[in-house]
Amino acid sequence: MNEINITVIDRQGDQHDLKVPTDMGLNLMETLKSYELPVEGICGGMAMCASCHCYILSDHDLPEQGHDEIAMLDETDEVESNSRLACQIQITNKLEGLKLELAPELVGEDEFSDW
Amino acid sequence: MIQTDILIIGAGPVGLFTVFEAGLLKLRCHLIDALPIPGGQCAEIYPKKPIYDIPAYPEILAGDLINNLLKQIEPFKPGFTLGEPAVQLEKLDNGHFEVTTKQGTVHRAPVVAIAGGLGVFVPRRPKIEDLQRFEEKGIAYFIKDPEKYKGEKVVISGGGDSALDWAIFMADNFASDVTLVHRSKNFRAHPDSVQKAFDLANTGKIKLHLDSEVYKINGNGKLDTVTLKRKEGDDVQIATKHWLRLLCLTPILRPIGHWGNRKKCHCGQQCIGL
């Protein structure tokens, strides 16, 4: 099986070193979910929800952002120049050594303390 | 107080079809949903997306699926409490259940079906000072009662279908003074709606502020002004009593996730024990 290594920094700052197969047709969002990292992927990978928003920390040649991803990030808060939607990045051998950080949760639990 | 045979929490596809199945057994249903429209994530996140996992439909638009379900359950005349998240579930002495919404609407039934999916849709709040102080006093995240914006000066933020559809509707039908604010020049909405919004902007019926976002709000008890930060140029202050931030909503499992004692059930799921 072909595998690459990906490093993920979660929202608590903890590092996760993942081994990811490149021959299963996965995208990055599906990979993060399969490792039970807190990424929802609500829309199923259609760039329609931003629940897989992450920051790319390494210098990799990633697929260009499509219109849907750009438009979705335009509606998302806490967007930086290295923001991407993980669902729009297909896992390939080119991603060996990729390092990314999960963006803050879209909605914080503390906002609903009065519920 | 609303009394029914089956209370259904969540008016998504599963909740809606529950009405049909219960209807066949002559049981009346009442649905509760935080969104102001039925359909759950199919209606809120991707109404124009084709979906492929519905039996007998190789492909159907999520919005069409919801419309079909609504038509299918029409004969059973379900009740709806929309725009109100269910926040409390209590077991009564007679074994029935009482479900109360955040707005205080009380429902009772012998059976509660939780079809909550990913949870309740809530707004993503931007980091703006005093934001929560003005919620329901000028700031809204979805539109429950459109009539209150008739002829009013309204600022709408967003670049998706919800923001554009409401901006067009209010400018066309309500003679409202509509300002549409969007962070970029790219819209996520249906191309027809984008064209219509630009046409209305050209005729002065909608004031369009692209590459801009609201970053400051002001008022004395109620909203009076919003201030836009622009990618280029000075800030713009707009006097308005209504700022509608119609951007994506996000589902969270709270409060359903906190109900009852969660135990590993014989069905293999985390079921709620009351």
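What the table below lists for this structure:
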quantity	calculated
Chain B - share of DSSP beta bridges that are antiparallel (%, nearest 5)	50
Exposure ranking of B:W166, B:W259 by accessible area [1.4 Å probe, largest first]	B:W166, B:W259
Accessible-area composition of region B:125-247, carbon plus sulfur, in percent [1.4 Å probe]	45
Heavy atoms of B:T227: accessible area, 1.4 Å probe, square angstrom to 10	10
Relative contact order %, region B:125-247, counting alpha carbon pairs below 8 Å whose residues are six or more apart	33
Over chain B, equivalent-ellipsoid semi-axes from the Cα gyration tensor in Å	37, 22, 17
Translational diffusion of region B:125-247, µm² s⁻¹ [Kirkwood Rh, Cα pairs; Stokes-Einstein; 20 °C; 1.002 mPa s]	150
Heavy-atom accessible area order for B:R28, B:R183, B:R245, largest first, 1.4 Å probe	B:R28, B:R183, B:R245
Among the listed pairs B:K127/B:K222; B:K49/B:K229; B:K49/B:K148; B:K144/B:K229, those beyond 24 Å (Cα-Cα)	B:K49/B:K229; B:K49/B:K148; B:K144/B:K229
At most 10 other Cβ within 10 Å, DSSP loop - chymotrypsin sites (Phe, Trp or Tyr not before Pro), region B:172-244	none
Percentage relative contact order, chain A, counting C-alpha pairs under 8 Å, at least six apart	35
Taking all pairs of distinct alpha-carbon atoms in the protein assembly as shown, Kirkwood radius in angstrom	22.8
Chain B: angle of helix B:191-202 to the longest principal axis, Cα-based, in degrees nearest 10	40
Accessible area per residue in Å² at 1.4 Å probe, computed on region B:125-247	51
Prolate/oblate/rounded label for region B:56-174 (Cα gyration tensor, a/c 1.5)	oblate
Overall dimensions of chain A by Cα: Rg and Dmax, Å	14.0, 50
Helix-only [θ]222 nm of chain A, DSSP H runs n ≥ 4, -39500 (n - 2.57) each, per residue, nearest 500	-3500 deg cm²/dmol
Neighbouring partner chain Cβ atoms per residue of B:82-88, average, 10 Å criterion	1
Average beta-carbon neighbours from other chains, 10 Å sphere, peptide B:181-190	4
³J(HN,Hα) computed for each position of region B:24-38 - Karplus, 6.51 cos²θ - 1.76 cosθ + 1.60, integer Hz, glycine/proline x	4, 9, 6, 9, 7, 10, 9, 9, 10, 8, 6, 7, x, 10, x
Value at 222 nm in deg cm²/dmol, rounded to 500, when DSSP H runs of n ≥ 4 in chain B each add -39,500 (n - 2.57)	-6000 deg cm²/dmol
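The values are calculated or read from the model by the stated rules, or taken from the named source; none is laboratory data. If you're wondering where the values come from, they're calculated on a predicted model, not measured in any experiment. All Cβ positions, glycine included, derive from the backbone under ideal geometry; neighbour counts span all protein chains shown. To get the accessible areas, we keep the full protein, side chains included, count just its heavy atoms, and leave off ligands, DNA and RNA. Shrake-Rupley method; radii C 1.70, N 1.55, O 1.52, S 1.80 Å.
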